[in-house]
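Undergrad: Structure in structure tokens, see below.
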Amino acid sequence: MEVSKLFERCVKSVCNQTSSEFRVIVVCNEKPEITFSHPHIIYLEVDYPTPKEQNPIARGLTDKGRKVLRGLTYARRFDPTHAMNVDADDCVSKQLAEFVRKTPQGNGWFINRGYKYRDGEDCLYLKRKKFYRMVSIQQSVVSRQLINGR
């Protein structure tokens, strides 16, 4: 599936929240061409130089890290209690923002169970344990520290 379609599916799931207390800050080299729009989506177009790392994984992490930092810096103007990094191929529960709203004192959470979907397949795969290992816990911890100015 092309990246714009993946992103559109992702942002629809994020914007389908039962609480209106959320923002979606998209940091990108160029705004994705999608038909979906929502008043809580903010696009920040950036023009960072290509990372110089020779290793493609390190190069990707450098690019992603710059964008995450830019998004977190921008998010501070909304005085959030928490922030979450989402990739274009992710989908989230519609109850996520409401859960966070009801428990603002939490330092953060990890997701133990979740679903893995392969595009084009007719089924979802339930990962019953350690779903959080599929994502970077460090990003969540760093996000919380940056938002709180530590």
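Undergrad: Of the residues Pro51, Pro80, which is part of a loop (DSSP other than H, G, I, E, B), farther than 16 Å from Val92 by Cα and either touching a Lys or Arg at 6+ places or on another chain (Cβ under 6 Å) or at pLDDT 95 or above (or both)?
TA: Pro51
Undergrad: Inspect the range 135-149 for any residue being β-branched (Val, Ile, Thr), outside any helix (DSSP H, G or I), out of contact with any helix residue (DSSP H, G or I) (no Cβ under 9 Å at 6 or more places or on another chain) and at pLDDT below 80 and give the result as yes or no.
TA: Yes: the range 135-149 contains one or more residues that are β-branched (Val, Ile, Thr), outside any helix (DSSP H, G or I), out of contact with any helix residue (DSSP H, G or I) (no Cβ under 9 Å at 6 or more places or on another chain) and at pLDDT below 80.
Undergrad: Limited to the range 107-122, what total is found for residues that are closer than 16 Å to Asp90 by Cα and hydrophobic (A, V, I, L, M, F, W, C)?
TA: Total satisfying the criteria: 2.
Undergrad: When you scan the range 5-14, do you find a residue that is within 23 Å of Asp119 (Cα to Cα), at pLDDT below 95, more than 14 Å from the chain's Cα centre (by Cα) and loosely packed, with under 15 Cβ neighbours inside 10 Å, even just one?
TA: There is at least one residue in the range 5-14 that is within 23 Å of Asp119 (Cα to Cα), at pLDDT below 95, more than 14 Å from the chain's Cα centre (by Cα) and loosely packed, with under 15 Cβ neighbours inside 10 Å.
Undergrad: Something else: Would you say Ala97 is modelled with pLDDT under 95, under 23 Å from Leu126 (Cα atoms), outside any loop (DSSP other than H, G, I, E, B) and within 16 Å of the chain's Cα centre (by Cα)?
TA: yes
Undergrad: Within the set of pairs 6 or more residues apart or between chains, which connect a residue that is surrounded by 12 or more Cβ atoms within 10 Å (Cβ to Cβ) inside the range 108-119 to a residue that is part of a loop (DSSP other than H, G, I, E, B) with Cβ atoms less than 8 Å apart?
TA: Filtered contacts from the range 108-119: Gly108/His82; Ile111/Val135; Asn112/Lys129; Asn112/Lys130; Tyr117/Cys91.
Undergrad: I need the full set of residues from the range 1-42 which are in a loop (DSSP other than H, G, I, E, B), in contact with a strand residue (DSSP E or B) (Cβ under 7 Å, 6 or more places away or on another chain) and touching a residue at least 40 places away in the same chain (Cβ under 8 Å), in order please.
TA: Across the range 1-42, the qualifying residue is only Arg23.
Undergrad: A further question follows. Restrict the check to the range 57-65 and report whether at least one residue is in contact with a strand residue (DSSP E or B) (Cβ under 8 Å, 6 or more places away or on another chain), without any contact (Cβ under 8 Å) to a residue 60 or more places away in the chain, within 28 Å of Tyr117 (Cβ to Cβ) and among the charged types (D, E, K, R).
TA: No, the range 57-65 has no match at all.
The values are calculated or read from the model by the stated rules, or taken from the named source; none is laboratory data. These numbers come from a predicted model, not from an experiment. Cβ: placed from backbone, ideal geometry, glycine included. Neighbour counts: every protein chain shown.
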